[in-house]
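The values are calculated or read from the model by the stated rules, or taken from the named source; none is laboratory data. Predicted model, so just to flag it, every value in this text is computed and none were measured. Every residue, glycine among them, receives a Cβ derived from its backbone with ideal geometry; neighbour counts consider all protein chains shown. For accessibility, only protein heavy atoms count, side chains too; no ligands or nucleic acids. Shrake-Rupley method; radii C 1.70, N 1.55, O 1.52, S 1.80 Å.
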Amino acid sequence: MHDTLAYLERDPVHRKFHHDELTMRGLYAWSERFVLPLSHDEVVHGKHALVKKFPGDTWQQLATLRLLYAYMYSLPGKKLLFMGDELAQSREWNHDAALDWPGNEKIQLLVGELNRMYRTEPALHELDCEPAGFKWIDADDAERSVLTYERRSRRGDVIVCALNFTPVPRLGYRVRVPVPGTWREVLNTDAANFGGSGRGNLGEVVATDAMTITVPPLGAVWFQR
């Protein structure tokens, strides 16, 4: 949690120099059964609300929040999202006050979709605590601040995840895939209904040994064959 938030609090132009703050967890991910928290400790005592930690204007802050949630939900480990974060609450949590209802409805819609997919897609939860459930495609594209990896179920269902941690859209980005064919874009955090700019892949791409995709600015896209 601390490494991820420290990374996202940096200006995107500097993130390529701190890429290992995202990837180092791969060294110890299978040593325990992890919970991935975004905890109350990070949104009190002058630390700012989660969405207000990030650089840029309001659009970039919300895009980074959507990216963070897609990142958390696509990593191995059980999820813990502290109350108010699903609303994109803009002030610190206060135990003497109610949450800021109704909050950001588009962020709520994304969190609901992430919960639905996490529950219904075996590749996202079935092997959460086993190395077979996760495979790096490219952990080393620090220059473009992009991560690509696979999540897998026991029977071999695969979700390919691509995440862009800069506000520069990555056009024509090549991602290796385990099998050729048509890959559906099953999640795009930059979709207009989530509050994004609507950049994407028109619902699907056709791949041979790799697929050529658009990875939207400060966005995550997931694909499933």
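Remarks
- Gained length - THR208 relative to ASP11, 0.36 nm times residue gap less alpha-carbon distance: 67.4 nm
- Whole-number accessible area per residue in Å² for the chain, which is evaluated in the context of all protein chains at 1.4 Å: 47
- Share of carbon and sulfur in the accessible area of the range 162-225 stands at 52%, probe radius 1.4 Å.
- As a fraction of the 1.4 Å probe accessible area of the range 91-146, surface on carbon and sulfur atoms comes out at 50 percent.
- Extension gain from ALA192 to HIS40, taking 0.36 nm per residue of separation minus the Cα-Cα distance: 51.8 nm
- Of the residues LEU68, LEU124, LEU27, the one that moves most in a GNM of the chain with alpha-carbon contacts below 10 Å is LEU27.
- Rg over Rh for the range 1-101 works out to 0.97, using Cα positions for both radii and the Kirkwood form for Rh.
- Distance in nm between pseudo-label sites at LEU171 and LYS78 (7 Å out along the Cβ direction from Cα): 4.5
- C-alpha long axis of helix 58-74 to longest principal axis of the chain, angle in °: 60
- Distance between the 7 Å Cα→Cβ label points at ASN115 and HIS18: 3.1 nm.
- Partners of LYS79 within straight-line reach, counting lysines whose Cα lies under 22 Å from its Cα and excluding those fewer than 8 residues away in the same chain: LYS47, LYS52, LYS53, LYS106, LYS135.
- Sulfur and carbon atoms: percent of accessible area, the range 1-66 [1.4 Å]: 53
- Residues listed by number, the range 118-140, amide nitrogen under 18 Å from LEU27 label point at 7 Å toward C-beta: 136, 139-140
- Using the Karplus relation 6.51 cos²θ - 1.76 cosθ + 1.60 with θ = phi - 60°, the per-residue 3J(HN,Hα) values for the range 104-118 come to 8, 5, 6, 5, 4, 4, 5, 4, x, 5, 5, 4, 4, 5, 4 Hz, with x marking Gly and Pro.
- Isotropic mean projected area of the C-alpha convex hull, the range 175-225 (nm²): 3.1
- Helix-only [θ]222 nm of the chain, DSSP H runs n ≥ 4, -39500 (n - 2.57) each, per residue, nearest 500: -6000 deg cm²/dmol
- Considering only LEU62, LEU202, LEU81, the Gaussian network model of the chain with Cα springs below 10 Å gives its largest mean-square fluctuation to LEU202.
- As a ratio to 2.2 N^0.38 Å, the alpha-carbon radius of gyration for the chain is 0.97.
- In the chain, Cα pairs under 8 Å separated by at least six residues give a relative contact order of 18 percent.
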